[in-house]
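Here is the structure we will look at, set down as structure tokens.
The values are calculated or read from the model by the stated rules, or taken from the named source; none is laboratory data. Remember, it's a predicted structure, so these values are computed and weren't measured experimentally. Cβ placement follows ideal geometry from the backbone for every residue including glycine, while neighbour counts extend to all protein chains displayed. Keep in mind that these areas ignore ligands, DNA and RNA; they rest on the heavy atoms of the full protein, side chains included. Shrake-Rupley method; radii C 1.70, N 1.55, O 1.52, S 1.80 Å.
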Amino acid sequence: MRQEWEPEDLIEVWTLLEDEVVRLRNKTGANRLGFALLLKFFEVEARFPESAGEVPAPAVVYVAQQVRVPAEQWASYDWQGRAITRHRTEIRTAFGFRAGTEEDQERLAEWLAAELCPVELSRERLMAAVVARCRNDHVEPPAPGKVQRLVGRAVTDFEAQFCRSSRPNSPRWPPARTCRRTCCGAGCCWSCSDWARTWASSGSR
């Protein structure tokens, strides 16, 4: 999430609505401020922040003013206790989301390798596609670091599958090309990502 916010953007994105304020009635101090910030962060990102520093400082000050809790209380919010677990559950429910599972990540990796990796080179766009897919399915996406690793795994799986399914003895097989990375072991030392995708998308197998 970006860290710099203009006043008009803060008002548009970080203002608590009436039904959101209702959810704060049984919360006080750091828990009240923490819940409000997690709620608005999730509304924007469809995930929770990994640490207090990920929430923009201007947003902390603005939301603190609304809930009438000193902004300094944000530093006292417990990121390991039972309260934050309850808060996350309540927020997911409010937005109609559920927590992601290992099975969800397996399906995402398979989907990427089968459908997107053959036609998309940019890992940033692949990561964005994972988040968009999770939002569409109302599943909380993995943390950014996990999404990056998931994409890396999917790309590796795609390249290995491409090498296994291609036929080196075909008359249309491309000329040998030296790859600068470690070969996948399938005898296709030319198969760096861009070359493999270009050949796969051309239908020349």
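One table, with the values for the structure above:
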item	result
Counted residues, segment 33-56 - those being of a type in the set (Gly, Ala, Ser) and open to solvent by 10 Å² or more (accessible area, probe 1.4 Å)	3
Number of the exception - ALA30 against (1) within 21 Å of the chain's Cα centre (by Cα); (2) surrounded by 17 or more Cβ atoms within 10 Å (Cβ to Cβ)	(1)
Verdict on VAL22 being more than 22 Å from ARG135 (Cα to Cα), modelled with pLDDT of 95 or more and among the aliphatic types (A, V, I, L, M)	yes
Residue list for segment 19-35, restricted to those being β-branched (Val, Ile, Thr) and in a helix (DSSP H, G or I)	VAL21, VAL22
Qualifying residues in segment 1-18 (those that are closer than 17 Å to PHE41 by Cβ and part of a helix (DSSP H, G or I)) - the one least open to solvent (accessible area, probe 1.4 Å)	TRP14
Filtered residue count, segment 57-112, keeping only those that are open to solvent by 70 Å² or more (accessible area, probe 1.4 Å), of a type outside the set (Asp, Glu) and closer than 30 Å to THR156 by Cβ	2
Some residue of segment 4-12 being over 26 Å from the mean Cα position of the chain (by Cα) and either farther than 23 Å from VAL131 by Cα or not β-branched (Val, Ile, Thr) (or both)	yes
